[in-house]
Amino acid sequence: MANWRIRTRLTISFLALSLLSLLLFGSYILWFFHQHSMDAATDHLFVQTQIVEQLLREKMNGPIEKATIDPEIKELGAKNALHITIADENGLVLADSLANPLAMENTIADPEFKTALSGDKGTFIRYNHKAGENWLYAAAPYYRDKELIGAVRVATTLAGIEKGYQKIQFALLSAFLFASFLAFILSIRLGRKYTAQLDEITEVAHDIGAGKLDRRVHMRTEGELDLLAHTLNTLASNLDDKIDEMKAETNKLELILSHMDNAVILMDRYGRVTAANKMARDSFGITPEMLGQHNLSVIGNSYLDRAVREAIAASAGRLIDLKTRLQGNKRVFQVYLAPITGSHCEVTSLLSVFHDITALQQVQEKQSEFIANASHELATPLTAIKGFAETLLDGALHDPNLNTKFITIIHSEAERMQRLVADLLTMAKLDSQEYRRAMILQPTLFAPLIDEVIQELSPEWQAKNIKFDITAQNTSLSALANPDCLKQVLINLIDNAIKYTSSGGKISIRSWRQNNKAYLTVQDSGIGIPSKDLPLIFDRFYRVDRARARSAGGTGLGLAIVKFIIESLGGNITAASEIDIGTTFTISLPLAPEKTTDQ
Ligand code: ADP
């Protein structure tokens, strides 16, 4: 549309310029011709006046002579097709080639006569009613001995000149029309030629604006428009590159965001959720329909909403700890709220990054719980030792009935502390990365280890007259494990079985291979574990019956160590129990590779 207008304007301008030039040129020619013809006619008439004056010179000497000139004038006028009029110094007509001088009026009223009788040459164009044409009148003064005695006027028709003038007018008009037509065609062609590239540039610019960034203007000739076309092409290709770069950046960002462990949520300045990464969608159950809703209805945490509002109002980042429940589970997040500002420093949106510290929190809680438990466990025997030592110092040392008893208690409490410290050290050792890295797994035969442990614990089981029943499906069954660790497991399990089985009881140990795993059970006929306690017995310091366990010398760490070892060996442990019937612990471990086992 704009181009169409430019083309029209261009065409009209070309046309107007051409027509104006033609008009001016034509007018000048006409004016020149007219002027030239009139000048020539006037000059001719003045020459005629001179001739007439010469012819009449002798006949103008006196009034008698003057009266005789009329016939001569009539003859001269008829010969030369001129209208000749002679007037005296007062304007009275003395002779006239076409009329009777006596019947004519005074000529002084005619402008050309008036001028001539005042001493100058006068000319005038008048419409001749008789002839029905324009006539040119030229009058010159007539002197004798430098005295003005009259005037001679010669007139001729302008019909010839006017006819020629009309012909030229017609010819010029035809030429003008023809030239105008040519100018019109030329203007259109020129306008079209000039705007063709502009049309293309406009079309390409329009396409680029609509997103077709691969469009380019075809370069033609050297000129200003080529510079524009070149600039547009460069602009489009730069824009294309920039958009590609931006797309790559966006993809990179999306990739990073979607693979981030942290949930990232973008909110607008009113606290409405506008975007969320995969982690955020999964963690908070954000569906695409929820985008655009307020964070309160999406995340449902007023503490977070308040922090969001404060961060936006202050236009400053904030770090908060957010405790919430997701799908029924307690979760703790460290949330960083970062307002994003626009060009006028106004907050346009807010980026929130949710760092899940639930596991860390749990570890920290467990650690503090463990320290509290360990301190408590250590404090109990220490208090006893301190109490009995003080009693001894206060005099009981010299009481033969009490001193041995108290020292025995101090000794047993010290032993308990020693066991506790030993267990704590074992746990610490097992917990250390270095130990686990240095732990070498090798095919470990069950049978010799079981024998070794039973042998080592013989004072305990013999004292309680406990029987052992060892059934091995295959004596060469071996697991891929660390022998020292596996021995620790067997010691803890068999020691527990002895501890929690009454005198005369029985302990069965079975081992077998199943589904590429090596299985081992330690089953006793002891007191059993209540079913409510069964899931907790592997926790650190957990004891079913504290008093009883303590009197049995337990620390509450044995099973925790067992579970820890079995799991770090890639195995599993389960417990089954019935009150007063007995307890069965079953461990499964990866089987040693065939080559090294001899089954
Ligand atoms: P402890 O050193 O006190 O035995 P453990 O971690 O080995 O600690 O065991 C935790 C608790 O589980 C014990 O206090 C005991 O109550 C119970 N328990 C463990 N083994 C047996 C078992 N064989 N029979 C009955 N109770 C058991």
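Laboratory data are not the source of any read-out in this text; all were calculated from the coordinates shown. These figures come from a predicted structure and were not determined experimentally. Cβ atoms come from the backbone with ideal geometry, glycine included; neighbour counts cover every protein chain shown.
What is the angle, in °, between the Cα long axis of helix 446-456 and the longest principal axis of the Cα atoms in the chain? Nearest 10 is fine, range 0 to 90. With both axes taken from Cα atoms, the answer is about 50 degrees.
Each of residue 181 and residue 545 was given a label point 7 Å from its Cα along the Cα-to-Cβ line. The distance between the two points is 13.1 nm. Any chance you could give the angle, 0 to 90 degrees and rounded to 10, that helix 224-258 forms with the longest Cα principal axis of the chain? Taking Cα atoms only, the helix is inclined about 10 degrees. Note on residue 306 and residue 476: the model spin-label points, each 7 Å out from Cα along the C-beta direction, lie 7.2 nm apart.
Counting Lys and Arg as +1 and Asp and Glu as -1, what is the net charge of the other residues whose Cβ lies under 15 Å from the Cβ of residue 391? Net charge around residue 391: -2. Between the stretch 287-310 and the stretch 160-239, the C-alpha centres lie 61 angstrom from each other. Would you mind checking the pairs 212/252; 74/146; 74/163; 242/278; 278/563; 252/330 and listing those with alpha carbons more than 30 angstrom apart? In this structure, 278/563; 252/330 exceed 30 Å between Cα atoms. Annotation: extensible slack from residue 568 through residue 235 equals 113.6 nm (criterion: 0.36 nm per residue apart, minus Cα-Cα distance).
Fewest neighbouring Cβ atoms within 10 Å first, the residues 345, 485 line up as 345, 485. Net length available on complete extension from residue 580 to residue 81 is 162.8 nm, with 0.36 nm assigned per residue and the Cα-Cα distance removed. Neighbour counts of other C-beta atoms within 10 Å: give me 368, 343 arranged from fewest to most. By the 10 Å Cβ count, ascending: 343, 368. Placing pseudo-labels 7 Å out from each Cα toward the beta carbon at residue 367 and residue 127 gives an inter-label distance of 12.6 nm. Seen from residue 402, the other residues with C-beta closer than 15 Å to its C-beta sum to a net charge of -2, counting Lys and Arg as +1 and Asp and Glu as -1.
Give me the angle, in degrees from 0 to 90, between the Cα long axis of helix 159-209 and the longest principal axis of the Cα atoms of the chain, rounded to the nearest 10. So the helix axis and the longest Cα principal axis differ by about 0 degrees. Here the chain carries DSSP beta bridges of which approximately 95% are antiparallel, counting only pairs with both residues inside.
Our helix-only sum for the chain, with -39,500 (n - 2.57) per DSSP H run of n ≥ 4 divided by its residues, gives a mean residue ellipticity at 222 nm of -17500 deg cm²/dmol. In terms of surrounding Cβ atoms within a 10 Å radius of their Cβ, 522, 204, 308 rank from fewest to most as 204, 522, 308. With 0.36 nm allotted per residue and the present C-alpha distance subtracted, the residue 346-residue 319 stretch has 7.7 nm of extension available.
Neighbours of residue 349, meaning other residues whose beta-carbon lies under 14 angstrom from its beta-carbon, give a summed charge of +1 when Lys and Arg score +1 and Asp and Glu score -1. Where in the stretch 171-200 does the amide nitrogen come within less than 11 Å of the point 7 Å from the Cα of residue 6, taken along Cα to Cβ? Of the residues in the stretch 171-200, 194-200 have backbone N under 11 Å from the label point off residue 6.
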